[in-house]
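Some notes on the structure that comes next.
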Amino acid sequence: QVQLVESGGGLVQAGGSLRLSCAASGRAFSGYSMGWFRQAPGKERALVAAISWSGGRTYYADSVKGRFTISRDNAENTVYLQMNSLKPEDTAVYYCAATANYEIAGAHYYNHWGQGTQVTVSS
């Protein structure tokens with residue numbers, strides 16, 4: 001079992017940047033692929049970025065490509081989501097999640113979740 005705690009959310013103006021962090025504890029962090037999901041009011045939770053256990057493979061949703069960057073530091077048991085050029089439509093609760101599965105782009109493989117952090121982008 002792995003426990004996940006997100007931080008770094010907040011209020012930012014459109015065009016601004018935020019960096020989310022997800023600290024993991026419990027079983028070996030380096031054995032998990034990690035994903036960032038988001039859920040806006042009235043919408044389903046969606047995968048926006050993912051990274052394999054080694055960091056060698058990444059996935060981005062089309063809506064965030066070129067603006068968001070996912071990275072991880074296995075020595076620090078932390079995964080990051082750098083969000084640049086933020087838009088009001090990026091407003092959502094952002095969740096960190098983990099999977100032991102090889103496939104990182106399949107949302108249904110993720111079975112360990114953090115509590116979420118709110119990101120609000122004002123226009």
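Structure notes:
- Out of A61, A75, A23, A28, one residue alone is in contact (Cβ under 8 Å) with a residue 24 or more places away in the chain and of a type in the set (A, V, I, L, M). It is A23.
- Within the stretch 73-84, at least one residue is closer than 14 Å to G116 by Cβ, among the hydrophobic types (A, V, I, L, M, F, W, C) and touching a Cys at 6+ places or on another chain (Cβ under 9 Å).
- Hits in the stretch 1-30 (condition: within 10 Å of L81 (Cβ to Cβ) and either part of a strand (DSSP E or B) or of a type in the set (F, W, Y) (or both)): E6, L18, R19, L20, S21, C22
- For beta carbons closer than 7 Å, sequence separation of 6+ or different chains, a first residue in the stretch 105-123 that is touching a residue at least 12 places away in the same chain (Cβ under 8 Å) and a second that is surrounded by 15 or more Cβ atoms within 10 Å (Cβ to Cβ) and among the acidic types (D, E), the qualifying pairs are G114/E6; Q115/E6; G116/E6; T117/E6; V119/D90; V121/D90.
Residues checked against (1) open to solvent by 70 Å² or more (accessible area, probe 1.4 Å); (2) under 19 Å from V121 (Cα atoms); (3) hydrophobic (A, V, I, L, M, F, W, C):
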| site | (1), (2), (3) |
| --- | --- |
| A23 | no, no, yes |
| F29 | no, no, yes |
| S33 | no, no, no |
| F37 | no, yes, yes |
| A40 | no, yes, yes |
| R45 | yes, yes, no |
| V48 | no, yes, yes |
| S63 | no, yes, no |
| R67 | no, yes, no |
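- Filtered residues of the stretch 79-97 (kept if of a type in the set (G, A, S) and within 10 Å of the chain's Cα centre (by Cα)): A97
- Flag if E44 is among the charged types (D, E, K, R) and either modelled with pLDDT under 95 or assigned to a strand (DSSP E or B) (or both): no
The values are calculated or read from the model by the stated rules, or taken from the named source; none is laboratory data. Everything numeric in this text was worked out from a predicted model, so none of it was measured. Don't worry about glycine lacking a Cβ; one is built from the backbone with ideal geometry, like all the others, and counts go over all protein chains shown. What goes into the accessible areas is simple: the full protein's heavy atoms, side chains included, and nothing from ligands, DNA or RNA. Shrake-Rupley method; radii C 1.70, N 1.55, O 1.52, S 1.80 Å.
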